[in-house]
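Asks: A single structure is presented below for examination.
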Amino acid sequence: EHMGGNTDSQQDMGGMMHGNVPLLESSKGLKALAIPPILEKQQGQDYDYEVIAQKGNTEFFDGVSTDTYGYNGDLLGPTLKIEEGESVDVKITNNLDEPTTFHWHGLEVRGEIDGGPHGGIQPGDSQIVTLEADQPAATLWYHPHIDGSTAEQVFKGLSGMLLIDEKPSSASQLPTEYGVDDIPLIFQDRLFDDNKQLNYNKLMNDDGTLGTVSIINGTIHPKLTVTKPVMRFRLLNGANARNYTFRLSNGDRFTQIASDGGLLDEPVETKSLTLAASERAEILIDFSKLTDEESLSLINDEGIELLPFDVALDDSPASSPEMWTADEPFLTAQEKARPVSKDIELFGMMDMVTINGKKFDPNRIDLRQEQGVTEVWEVYNKPDMMGGMIHPFHIHGTQFKIISRDGKEPEPNEQGLKDSVLVNPGEKVKLLVTFPEEGIFMFHCHILEHEDNGMMGQIEVF
Ligand code: C2O
Ligand code: CU
Ligand code: CU
């Protein structure tokens, strides 16, 4: 409840100090939810996959063409699936009129190919990167990370899912049929101008662009027909800045099974789940107990309908997958007792945001850490005179564990691998951080406008 409660207070504060937080419009359930296609393997090429950043046109509103960006298409990108342990060569091509980068959010790759601000690809250029899924199955994503324009490029449509798949041999009985009982959901909020264009500059908000229109996988007013009794949803908060608290419209519980970096130590039954920008969660919803008259939707904590479900179950057996408990404790006593070796202070708002009092400088290394050596980072969200705001703190090149929030054990749904963590105003969050690969990595606030405004630093892993 801690985070949910703070989400509310952040929004109250938002009303006072960070401009009005516009409410989302409820989904009218007019269109079938788009499911991003799976990226097909290339045949007869010296690479396995190709991802092209390009310009496009999207019909969000009937009969109106909106200028957008997409990967291999008009909007968003195909889902790139890599199997646990697999290594794939991906050709990345920039067909935009401006430089971009391809960042693999949550994937533990070498700094060189991580697609941070140093990885700029000029218009017309290509590169081949080798992505190795040397980490547990998880819901990750990819997006641009070009210094100063990340927010705008994402806002226009550049984002895609990157899934690390469990090995087919794995014992998990979780739903795995992509698009059938395993559904990716990219939540974003968008602002359209009078001509129904995503006119970013005019609408820019230094504390993050908050839109009034909810899109899921790029669909406005989506609905989803559900055919299986137990469905797995992979939730990505792909918004520039908005926090989402998800609930079911009938107040029922659902089961969170995974956090950013993979399965939780133990599934968690919950009635609500908060994700800050860039966080992911996998959940199971059991539709088998609904009566014929009952309707169900995914809503947010303001009661706004995000995704109405059309329940038309086939005759698959309604057996819930078996749940699990990790044999090892989430953190050992030793890990909990480790001293802090890195202090991170998040501060400010609008364009006055800093980390440890500084703004991003591509020519400055802020921190160093040895490859494979675990350290404790303490991230403090220092309030300002007016209170402050939530900052989602993200580290590249690692999946970390949350040791504590203000000295308290993290909630069960945060007892899993994470790469982004919601830090409330005034809060101190301790993280257990190891980098498996070397190179230069970014750490930053994932409110994309804060990132573009310099709320970012660099760590060199040696
Ligand atoms: Cu989602 Cu630095 O990135
Ligand atoms: Cu990232
Ligand atoms: Cu921030």
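The values are calculated or read from the model by the stated rules, or taken from the named source; none is laboratory data. It should be emphasised that the depicted structure is a prediction, and the values quoted were computed from it without experimental measurement. Note: ideal-geometry Cβ built from the backbone for every residue, glycine included; neighbour counts use all protein chains shown.
Asks: Strands (runs of 3 or more DSSP E) wholly in the range 152-228 with at least 3 residues that are under 19 Å from residue 296 (Cα atoms) - which ones?
Replies: The qualifying strands (runs of 3 or more DSSP E) are 182-190, 213-216, 222-226.
Asks: Let me ask something else about it. Which of (1) within 16 Å of ligand 2 (Cβ to nearest atom); (2) under 24 Å from residue 453 (Cα atoms); (3) touching a strand residue (DSSP E or B) at 6+ places or on another chain (Cβ under 8 Å) does residue 138 not meet, given it meets every other one?
Replies: Among (1) within 16 Å of ligand 2 (Cβ to nearest atom); (2) under 24 Å from residue 453 (Cα atoms); (3) touching a strand residue (DSSP E or B) at 6+ places or on another chain (Cβ under 8 Å), residue 138 violates only (2).
Asks: Would you confirm whether any residue within the range 87-99 is within 20 Å of the chain's Cα centre (by Cα) and crowded, with 21+ Cβ neighbours inside 10 Å?
Replies: no
Asks: Search the range 229-241 for residues being assigned to a loop (DSSP other than H, G, I, E, B) and in contact with a strand residue (DSSP E or B) (Cβ under 7 Å, 6 or more places away or on another chain), and hand back the single one that is nearest to ligand 1 (Cβ to nearest atom).
Replies: So, considering only residues that are assigned to a loop (DSSP other than H, G, I, E, B) and in contact with a strand residue (DSSP E or B) (Cβ under 7 Å, 6 or more places away or on another chain), the one nearest to ligand 1 (Cβ to nearest atom) is 238.
Asks: If you don't mind, another one. Tell me, please, whether a residue that is modelled with pLDDT of 95 or more, part of a strand (DSSP E or B) and within 16 Å of ligand 3 (Cβ to nearest atom) can be found in the range 365-374.
Replies: At the first step, the residues of the range 365-374 found to be modelled with pLDDT of 95 or more are 365-374.
Restricting the remaining residues to those that are part of a strand (DSSP E or B) gives 367-369.
Subset that is within 16 Å of ligand 3 (Cβ to nearest atom): none.
No: zero hits.
Asks: From the list 426, 416, 397, exactly one residue is assigned to a loop (DSSP other than H, G, I, E, B), surrounded by fewer than 20 Cβ atoms within 10 Å (Cβ to Cβ), touching a residue at least 40 places away in the same chain (Cβ under 8 Å) and not acidic (Asp, Glu). Which is it?
Replies: Going through 426, 416, 397 in turn, just one is assigned to a loop (DSSP other than H, G, I, E, B), surrounded by fewer than 20 Cβ atoms within 10 Å (Cβ to Cβ), touching a residue at least 40 places away in the same chain (Cβ under 8 Å) and not acidic (Asp, Glu): 426.
Asks: Moving on. In the range 28-77, what residues are surrounded by fewer than 18 Cβ atoms within 10 Å (Cβ to Cβ), among the small types (Gly, Ala, Ser) and within 21 Å of the chain's Cα centre (by Cα)?
Replies: Listed by number, the list holds a single entry, 34.
Asks: Inside the range 400-413, can you point out the residues that are surrounded by fewer than 18 Cβ atoms within 10 Å (Cβ to Cβ) and either within 16 Å of ligand 3 (Cβ to nearest atom) or within 20 Å of the chain's Cα centre (by Cα) (or both)?
Replies: Of everything in the range 400-413, those that are surrounded by fewer than 18 Cβ atoms within 10 Å (Cβ to Cβ) and either within 16 Å of ligand 3 (Cβ to nearest atom) or within 20 Å of the chain's Cα centre (by Cα) (or both) turn out to be 411, 412.
Asks: Now for a separate question. Looking only at the range 331-350, decide whether some residue is at positive phi and surrounded by 13 or more Cβ atoms within 10 Å (Cβ to Cβ).
Replies: Yes - at least one qualifying residue is present in the range 331-350.
Asks: So, residue 354, is that one of a type in the set (S, T, N, Q) and out of contact with any Leu (no Cβ under 7 Å at 6 or more places or on another chain) or not?
Replies: Yes; evaluated as a whole, the condition is true for this residue.
Asks: Can you tell me which of (1) farther than 26 Å from residue 197 by Cβ; (2) of a type in the set (Asp, Glu); (3) touching a Leu at 6+ places or on another chain (Cβ under 8 Å) is the one residue 67 doesn't meet?
Replies: Of everything listed in (1) farther than 26 Å from residue 197 by Cβ; (2) of a type in the set (Asp, Glu); (3) touching a Leu at 6+ places or on another chain (Cβ under 8 Å), residue 67 misses just condition (1).
Asks: Any residue at all in the range 124-142 that is modelled with pLDDT under 95, crowded, with 19+ Cβ neighbours inside 10 Å and within 25 Å of residue 445 (Cα to Cα)?
Replies: no
Asks: Among the candidates 358, 342, 408, single out the residue that is more than 15 Å from residue 459 (Cβ to Cβ), more than 16 Å from ligand 2 (Cβ to nearest atom) and either modelled with pLDDT of 95 or more or of a type in the set (Lys, Arg) (or both).
Replies: 408
Listed here are the residues, each with its yes/no results for (1) over 30 Å from residue 173 (Cβ atoms); (2) more than 15 Å from ligand 1 (Cβ to nearest atom); (3) in contact with a Cys (Cβ under 7 Å, 6 or more places away or on another chain).
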{"residue": "45", "(1), (2), (3)": "yes, yes, no"}
{"residue": "83", "(1), (2), (3)": "no, yes, no"}
{"residue": "105", "(1), (2), (3)": "no, no, no"}
{"residue": "114", "(1), (2), (3)": "yes, no, no"}
{"residue": "117", "(1), (2), (3)": "yes, no, no"}
{"residue": "133", "(1), (2), (3)": "no, yes, no"}
{"residue": "138", "(1), (2), (3)": "no, no, no"}
{"residue": "144", "(1), (2), (3)": "yes, no, no"}
{"residue": "148", "(1), (2), (3)": "yes, no, no"}
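Asks: Still on this structure: Could you give me the residue pairs with C-beta distances under 8 Å whose first residue belongs to the range 316-340 and is touching a residue at least 60 places away in the same chain (Cβ under 8 Å), whose second residue is surrounded by fewer than 13 Cβ atoms within 10 Å (Cβ to Cβ) wherever it lies, and which are 6+ apart or on separate chains?
Replies: 321/173; 322/173
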